[in-house]
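The values are calculated or read from the model by the stated rules, or taken from the named source; none is laboratory data. Just so we're clear, the structure is a prediction, and the values are computed from it rather than from any experiment. For neighbour counting, all protein chains shown are included, and Cβ atoms are generated from backbone atoms with ideal geometry for every residue, glycine included. The accessibility values were calculated without ligands, DNA or RNA, using every heavy atom of the protein model including side chains. Shrake-Rupley method; radii C 1.70, N 1.55, O 1.52, S 1.80 Å.
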Amino acid sequence: MSESPVHGSGGPGRSPTAAVLGVALVVVSVVGVLNQAVGESSALHVPTYVVTLLGKYACYALLAVALDLVWGYLGILSLGHGAFFALGGYAMGMHLMREIGPRGVYGHPVLPDFMVFLDWKTLPWYWHGFDSFAFALVMVVLVPAALAFVFGWLAFRSRVTGVYLSIMTQALTYALMLAFFRNEMGFGGNNGLTDFKDVLGLDLQSDATRVGLFVCSTMALAAGYLLARGIVRSRLGRVVTAIRDGEGRVRSLGYRPERYKLFVFTVSAAMAGVAGALYVPQVGIINPGEFAPLSSIELVVWVAVGGRGTLHGAALGAVLVNYAKTWLTGTYPEVWLFALGAMFVVVTLVLPRGIVGLAATTRAAWARRVTGASRAPGEVVP
Amino acid sequence: MSLVGPEVHTPTLLYLDGVSVSFDGFKAIDGLSLVVDETELRCVIGPNGAGKTTMMDIITGRTRPDTGRVEYADGVDLTRCDESEIANLGIGRKFQKPTVFEHHTVDDNLELALAGRRSVAASLRFALGPEDRDRIDELLATVNLRGLRHRLAGTLSHGQKQWLEIGMLLAQRPRLLLVDEPVAGMTAQETERTAELLVGLATDHAVVVVEHDMEFVRSIARKVTVLHQGRVLAEGPMSVIQDDPLVNAVYLGE
Amino acid sequence: MNHIIRHRHRRWLVRGLLGCVLALVGPILGATETRADFEAALAGLDARDFADKLRAIAEVARSGDPRSETVLAAMLDGRLAVTRAGGRLVVLPAEHGDAVDVRSGAPVPGLGARQTSRVRINNRLRGVLRDAIASLRLASPDRVVRLDAARALVGGVDASSLGTLRDALEAEGDAEVRGVLEVALAMAEARSDDVDTRLAAVRAMAGSLRPEVRGLLREMGDEERESDPRVRSAARDALDAIEAEVALYGHLSSLYFGVSLGSVLLLAAVGLAITFGVMGVINMAHGEMVMLGAYTTYVVQTLLPDALEISLLVALPLAFLVAGLVGVLMERGIIRHLYGRPLETLLATFGVSLVLQQTVRTVFSPLNRSVSTPQWMSGALEINPVLAFTYNRLYIIAFSIMVLLALVVLLRRTRFGLEMRAVTQNRAMASAMGIRTSRVDAMTFGLGCGIAGLAGVALSQLTNVGPNMGQAYIVDSFMVVVFGGVGNLLGTFVGAMTLGIVSKLLEPATGTVLAKILVLVSIIVFIQRRPRGLFALSGRAAEA
């Protein structure tokens, strides 16, 4: 809550936009240089797989920021945000499949391998246009946003809220998962889309492309963060948090909460789609597993751990939890789910405001002890 | 409006006729009729379950009546409007339980309530202008919260929240104010100030007050409507109502 | 009584008729010379000449001796043999055991293939033997034996045994057996050269649901196989009528599966109706409570391998206790601290569900475990050749309704139910009246979880028992509760049945996955229209 109520307090002489972009640029150039220019023998060399890992984390962080916008500020616990991420990923995956062209195993000039395998003769209508990168980029944003818009329009108009809405978002992603598992859908069924070769003519396996994707992901994260921050700090942001705290009251002031919700939900879905689109070329595959309810709910814990209602907290949580996941699934694979489960319980019981909230509380407590001042105003535990 | 003198009967602002609504067979409002003029202070009293809050819900569009007419100003049919439309028509409401945005500052609460365009696009571009600031300052002075303007509303006392909500109500610049139990939880001093405020407002607004505190009602009331079992039991000046044997039997006598 | 009289009547009829027509076979029951005839005829079975064998078979069959069927069946199986030493006729064992002397019925130990020579038969004899055995069985006093025999004859009757069949039909008093025999006869007569006979056969076959009949009628409707246009059109009409009936039974079958799925959903959702509907707690670990119940069944069967028949009865209370105890611990440890924060409760209980899944994976295995079905739950209640109700599903339907009724009684008629309703309606008031609300909370939550455990026992009889089994039902169960209207057991019942039946009725047309998607989407749309479910409360309270 430390961020949302305060507006216009960016501090004199400090542009947050420049600061965020500056940090992103520094990170990007340092990692890029350490990978490309510093020799492999050097202790400072960053191997390419680490660069890709960081790129993935950036995508996750963008996804977490998107979810936080909806959960932390709008108060809607979406258990289906993974669906928007996956749809963005599929849109990009479809472009990458078309990019393979005749280099597939079956060597068909147009049809992706899995369609040849299914004995399909022509490209389904919804695959047309994806040979164009620009078209794919538009779809990356448009498809998740359209789904969010339709779903949100129906749900918010009839005032479905709270856990009902959460369960419905879960049902949404579950239904999509079942649908995408079907071969007849034309998205590669169980195996999804994979074996990508290149993007914009650049080999996906090359170090330079991987660094490039990492740079794109980090810049997208910075842009997404700034966009979300702009929304949160506008009057719209204040209306949105007011909706979270008292929707009926906002309505009686003459606002239409459903339109505000729809706007934020749709923007958030589009951001999640972009995150998915950047994620797919880095991991080299997109399959229906991304729609699994568990994936969506896992990202809720990122935000919860970092601290919901604070955008930087969400991003931080995504990176930390995923670092823990990378480490644990590598070292003690059976422990990961225990750890994840425990995280859910501990965060909700002990750390309702996440790491960022804990830091703020500790800082405030420390400041109180030093100055002997009473509880700082604005220190409200939600 | 200002051309019309206070003695002259002012035009009707709100008109309810034969309104009924029932929940699961229980008639919460049963053939209720009510007329409120453009500038008047009306007190609505009645025992628990008389339908006072449901009446407000119907006027503000939270509840749809089963039958009956609800008209506003120049014949706007309120039963066809939704809550936000009704709010934008100039009907403001203060809820029974003070509902302010606890995680917003006092300033922000008032700013959200300020009259103006309510669309998504407008609020995305919105910037606080000098008139808005003046208006907020003025409101803060009116509800006596100037020193607390940067506090989170959640940290205010009960009475302060009540006032903040009255301030938010005023910020909307409504023509009709529906005020549900405004002095609950207020100190005697605060109550007195609230009474003054409401009486002052009634000179150029229509104010409908639902209140349990009979002392308070006596101090402000000019015209009182007594509800009982979802219908109007009696209506008239406080002095007449007080002596009505029927009213005393169901309500005042206890 | 009536049954016995009819039975006697039938026997008399058989004896009289068979005596008159001197059919190929037919037991002459009660005849004094039976024994001698039988024993004399037996010698001929091993004759060198096949014509003699044929005659001997007829005599054995006609003798009416109770041993005749065994002997002829053994001969058909190639298990009738003659000892090399002594020339005794014996029946060799089908798998292991001792050979049995035909005349004395005594076991003859130590007989191997070397000590005997088998009685040889050819295809013609096989046919005759089959007819003879069928006829013997058709004349059996036991209705079930006759019915089985009649069923075995359908589609396999050739012209030579038409007479047998006609006689048996005339002698038959039981309507069901008669029905089967008529079909068998008609199928044989359908191959007749006479057009009228064929037409009559088509008429006789009309309405039969046996798959062979449909095959035959299809042939008879085919221009290349059937020359007569009247027969063709009659066959087509009959086939259409039958197929319409089969389709109807197909729907009935779908309906049964729907009710069965509905009852499973009901079991899973009834617990949720308590924890979510009554207490307002979203328990994402509810599916794992079901899983715990199923694993309890597995453990019970593993620990008591000899008590399979009663294992489920043992597992039921244990599953209730295990899941209920875990529920109480969850409530005391976690949920209690999160009342009034539904979204946080959802997340915390989801965490618990992950931990429980991983625990089961670690303790047992990530793979599915197999749980056995007791004898009394196996098999199916066969209504007709195209419709059968499996017993395990029937039991589960009955069980789910029992659980629901028990719960209604518990809520309405017991002190605990009263306290539970009091606490959920007005916590402060209940507390003021001396009800220990925190204890009631824990017990209520435990009850909901315990019922999920019961659901697990039932589910172990239908699906695989694995760490992920709870996940498969959790979304559906929430849909049921939300669809039916929160806090309403009748709504839960109607919701579960609607969901189950609609899914299963859709499946034949759309496939399983698409049916599931359609159901999910329509519930999403439904909740948009009626956010409070089917049996919603209306009014101020509901809008708050």
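General remarks:
- Of the beta bridges in the protein assembly as shown, as assigned by DSSP with both residues counted there, near 70 percent are antiparallel.
- About its Cα centre, the dipole of chain A is roughly 1740 debye, where the only charges are +1 on Lys and Arg Cβ and -1 on Asp and Glu Cβ.
- Surface share of carbon and sulfur [accessible, 1.4 angstrom probe, percent] for chain A: 67
- Using a Gaussian network model of chain A in which every pair of alpha carbons under 10 angstrom is joined by a spring, one finds that among A:MET271, A:MET185, A:MET343 the greatest mean-square fluctuation is at A:MET185.
- If R0 is taken as 35 Å, the Cβ-Cβ distance between C:LEU313 and C:LEU505 corresponds to a FRET efficiency of 0.55.
- Applying D = kT/(6 pi eta Rh) to the stretch B:107-156, where Rh is the Kirkwood radius over alpha-carbon pairs, T corresponds to 37 °C and eta to 0.692 mPa s, the Stokes-Einstein value obtained is 278 µm²/s.
- Per-residue ellipticity at 222 nm from helix content only, as computed over chain C with -39500 (n - 2.57) for each DSSP H run of at least four residues, stands at -22000 deg cm²/dmol.
- Between A and B, accessible area buried - total, square angstrom, nearest 100, 1.4 angstrom probe: 2900
- Take every pair of alpha-carbon atoms less than 8 Å apart whose residues are at least six positions apart; their mean separation over the length of chain C yields a relative contact order of 15 percent.
- Approximating the spin labels as points 7 Å out from Cα along Cα→Cβ, the C:GLU245-to-C:SER233 distance works out to 2.2 nm.
- Occluded residues from the stretch C:249-292, i.e. those whose accessible area drops by 30 Å² or more once the chain is not alone (1.4 Å probe): C:MET284
- Accessible area in square angstrom per residue, chain C, 1.4 angstrom probe: 47
- In Å, descending, principal axis extents of the Cα set of chain B: 54, 44, 41
- For the stretch A:184-200 versus the stretch C:282-314, the gap between their alpha-carbon centres in whole angstrom: 41
- Dipole orientation for the protein assembly as shown: of the candidates A:ILE100, C:LEU162, C:SER460, C:SER460 has the Cα lying most toward the positive pole (charges on Cβ; Lys, Arg +1; Asp, Glu -1).
- Based on DSSP H segments of at least four residues, each scored -39500 (n - 2.57), chain B has a per-residue ellipticity at 222 nm of -9000 deg cm²/dmol.
- Computed over all pairs of different Cα atoms, the Kirkwood value for the hydrodynamic radius of the stretch A:16-371 is 21.3 Å.
- Treating r as the C-beta distance of A:ILE285 and B:ARG117 and R0 as 45 Å, the FRET efficiency rounds to 0.45.
- Largest GNM mean-square fluctuation across A:SER217, A:SER42, A:SER132, computed for chain A with C-alpha springs under 10 Å, falls on A:SER42.
- Couplings 3J(HN,Hα) of the stretch B:166-174, computed from phi: 5, x, 5, 4, 5, 4, 6, 6, x Hz, in residue order, whole Hz [Karplus 6.51 cos²θ - 1.76 cosθ + 1.60, θ = phi - 60°; x for Gly and Pro].
- Shape call, the stretch C:354-452: gyration tensor on alpha carbons, a/c limit 1.5: oblate
- Packing here is the average count of other Cβ atoms within 10 Å per residue, and on that basis the peptides C:495-505, C:94-104, highest first, run C:495-505, C:94-104.
- Test item: Cα-centred dipole of the stretch C:254-474, Lys/Arg +1 and Asp/Glu -1 on Cβ, debye: 680
- Angle of helix A:354-371 to the longest C-alpha principal axis of chain A, folded into 0 to 90 degrees and rounded to 10: 30°.
- At least 40 Å² accessible surface lost relative to isolated chain, residues of the stretch B:11-60 (1.4 Å probe): B:PHE23, B:ASP24
- Residues with amide H under 5 Å from that of B:SER22, placed H, sequence gap 5 or more: B:ALA28, B:ASP66
- Unit charges at the beta carbon, dipole of the protein assembly as shown: most positive-side option, B:GLY31, A:VAL116, A:PRO288: A:PRO288
- The three principal axes of the C-alpha atoms in the stretch C:254-474 carry coordinate ranges of 62, 39, 32 Å, sorted with the longest axis first.
- Placing one equal scatterer on every Cα of the stretch C:273-330 and applying the Debye formula, the log10 ratio I(q)/I(0) at q = 0.19, 0.20 Å⁻¹ is -0.68, -0.73.
- Dimensions of the protein assembly as shown along the principal axes, based on C-alpha atoms and rounded to the nearest Å, stand at 130, 97, 63, largest first.
- For chain C: rounded, prolate or oblate by the Cα gyration tensor [a/c cutoff 1.5]: prolate
- Dipole axis of chain C (+1 Lys, Arg; -1 Asp, Glu on Cβ), positive-most option in C:VAL180, C:SER400, C:ALA201: C:SER400
- Kyte-Doolittle mean at least -0.5 and Cα axial length at least 24 Å: DSSP H helices in chain C: C:2-21, C:229-272, C:286-303, C:308-333, C:342-363, C:391-413, C:437-459, C:489-510, C:512-529
- Of A:LYS325/C:LYS516; B:LYS52/B:LYS94; B:LYS94/B:LYS161; A:LYS56/A:LYS261; B:LYS52/B:LYS223; A:LYS121/C:LYS504, those spanning more than 22 Å from alpha-carbon to alpha-carbon: A:LYS325/C:LYS516; A:LYS56/A:LYS261; A:LYS121/C:LYS504
- Overall, the accessible surface of the stretch C:465-518 at a probe of 1.4 angstrom is composed of carbon and sulfur to the extent of 69 percent.
- Cα gyration tensor, the stretch A:233-382 - rounded (a/c under 1.5), prolate or oblate: oblate
- Inter-label distance, nm, simple model (7 Å from Cα along the C-beta direction), A:ALA342/C:ARG191: 7.6
- Lys, Arg +1 and Asp, Glu -1 on Cβ, resulting dipole of chain B about Cα centre, debye, nearest 20: 520
- Within a Gaussian network of chain A (alpha carbon springs, distance under 10 Å), most fluctuating of A:HIS81, A:HIS108, A:HIS312: A:HIS108
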